[in-house]
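Q: To start, I am sharing the structure in question, which I have written as structure tokens.
The values are calculated or read from the model by the stated rules, or taken from the named source; none is laboratory data. Worth saying up front: this structure is predicted, and the values here are computed from it rather than measured. Don't worry about glycine lacking a Cβ; one is built from the backbone with ideal geometry, like all the others, and counts go over all protein chains shown.
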Amino acid sequence: MKNLLNEVSRRALALFDQAIGAEQPKLYFNPQGEFKRIFEHLPQLRRKYRPTPWLANTHAHLLYFDLIKKRRIHLSYDRTDRLIMQDGGVTGIAWLGTDLPPDAPTIVILHTITGTPESMRELVRDLHRHTGWRIALCLRRGHANLPMPVPKINLFGSADDLREQLAYIQEKYPASALYALGSSAGTGLLVRYLGEEGQKTPFKAAFALCPGYNTESGFKNVHPFYSKMMTKKLFQKFIEPYAQTWQNTASLAKVLEAKTLFDFEQAYFEMAGFADYSSYNQSTNPIYVFEQVEIPLLVLNSEDDPVCSIHNFDPYKAVVRQLRSVAVVTTRKGSHCGFYEGVKETRSWAAKLAADFFLLQAASERL
């Protein structure tokens, strides 16, 4: 009788998992590289990711993440520092955990396409809780209502600005080991920077959450609803509040015609400080330096992501399997940056994976 009940339970769970899309993550990596050892010590990847049952639909998952969960997180940052870049532009760093010992590790977070300290609170909180480390959320130009004395923005961020922000962080906490996480558009900056720096980066390890890979083509695959909605947000966040800043921008009229993210990204190169799209793309697109990443970089994508489509990864699967320092994990469900699990109380499966990865790398550094 007991065996019969166990078999019934097993089959019921299998049917339930099938219904909600629960599967063990797929791993893409070079078995001769660094991630063979790393994956052996991340048990989370040997179990199924079971999304919150009532968020199995990709759109429900994303809308819950963006419209409900973000607004329920209560978090007060310790402070936000404004930084003046070499050209006079303004960026910022929002801090959590400044009361920790000076040698406590610091996770540098690179935010989403319209990210702010408020929109990033859940990820900041989760990484701080899981690791006990300091968090430095690097704010790009034009985000979080920062002044824009210099007419320059970049949807993915500037590697040069990031270098200045990192120099500031290292000046504040010279004994702190640095780790990095990029979320959505922030992964573009993360990978671009890591590829440009190679072994010179101060980061010990990095995590890319829901990248779009090739920024020249990735926006073509965004679901039309989200593409149009996010384009409107770009106007609301970066164009309309800074109307005087852009009044002498020759290409402004073309940018204002954009209806989709792809159109916007193709047209706004002058706002990013470039004379044409080609030079902008060559200087910003992470895919051109992807293979030059030298530190452990763990990438996570969901196969049902309606914003950063899994199809963006397809051309690079074979490349990843040749790289020693880069691995990609994909899950059947998770939507865009959500990856919620649990029923009554939702929690981020992705944040736990990133934290465990960082803790594992920190432990290996001490050996």
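Q: Can you tell me which residue is surrounded by the most Cβ atoms within 10 Å (Cβ to Cβ) among those in the stretch 41-64 that are part of a helix (DSSP H, G or I) and hydroxyl-bearing (S, T, Y)?
A: The selected residue is T58.
Q: Okay, moving on. Tally the residues that are under 20 Å from Y268 (Cα atoms), polar (S, T, N, Q) and surrounded by fewer than 23 Cβ atoms within 10 Å (Cβ to Cβ), restricting the search to the stretch 135-173.
A: Selection size over the stretch 135-173: 1.
Q: Name the residues in the stretch 182-239 that are in a helix (DSSP H, G or I), of a type in the set (S, T, N, Q) and farther than 15 Å from T284 by Cβ, would you?
A: Result: Q199, N221, S227, T231, Q236.
Q: Separate question: Among the residues of the stretch 11-25, is there at least one that is outside any loop (DSSP other than H, G, I, E, B), charged (D, E, K, R), at pLDDT below 95 and over 30 Å from S119 (Cα atoms)?
A: yes
Q: Oh, and also: With the condition kept exactly as written, say whether any residue in the stretch 105-117 is modelled with pLDDT of 95 or more and either in a helix (DSSP H, G or I) or over 22 Å from the mean Cα position of the chain (by Cα) (or both).
A: Looking through the stretch 105-117, none of the residues is modelled with pLDDT of 95 or more and either in a helix (DSSP H, G or I) or over 22 Å from the mean Cα position of the chain (by Cα) (or both).
Q: Right, next: Among the residues in the stretch 70-78, are any more than 18 Å from A177 (Cα to Cα), of a type in the set (V, I, T) and touching a residue at least 12 places away in the same chain (Cβ under 8 Å)?
A: Taking every residue of the stretch 70-78 in turn, at least one turns out to be more than 18 Å from A177 (Cα to Cα), of a type in the set (V, I, T) and touching a residue at least 12 places away in the same chain (Cβ under 8 Å).
Q: May I ask you to list pairs of residues, at least six apart or on different chains, whose Cβ atoms are under 8 Å apart, with the first in the stretch 120-141 being over 16 Å from L353 (Cβ atoms) and touching a residue at least 24 places away in the same chain (Cβ under 8 Å) and the second being assigned to a helix (DSSP H, G or I) and of a type in the set (D, E)?
A: R140/D161; R141/D161
Q: In addition: Restricting attention to the stretch 164-181, which residues are touching a Leu at 6+ places or on another chain (Cβ under 8 Å) and part of a helix (DSSP H, G or I)?
A: Correct list: E164, Q165, L166, Y168, I169, Q170.
Q: Hey, another quick one. Any idea which residue in the stretch 65-82 is nearest to T112 (Cα to Cα), counting only those that are assigned to a helix (DSSP H, G or I) and hydrophobic (A, V, I, L, M, F, W, C)?
A: Out of the qualifying residues, it is F65.
Q: Also, I was wondering about something else. Please name all residue pairs, on different chains or six or more residues apart, with Cβ atoms under 6 Å, provided the first residue is in the stretch 270-297 and is over 22 Å from G182 (Cα atoms) and the second residue is at pLDDT 95 or above and among the basic types (K, R).
A: As it stands, the answer is G273/K152, since those pairs meet every condition given.
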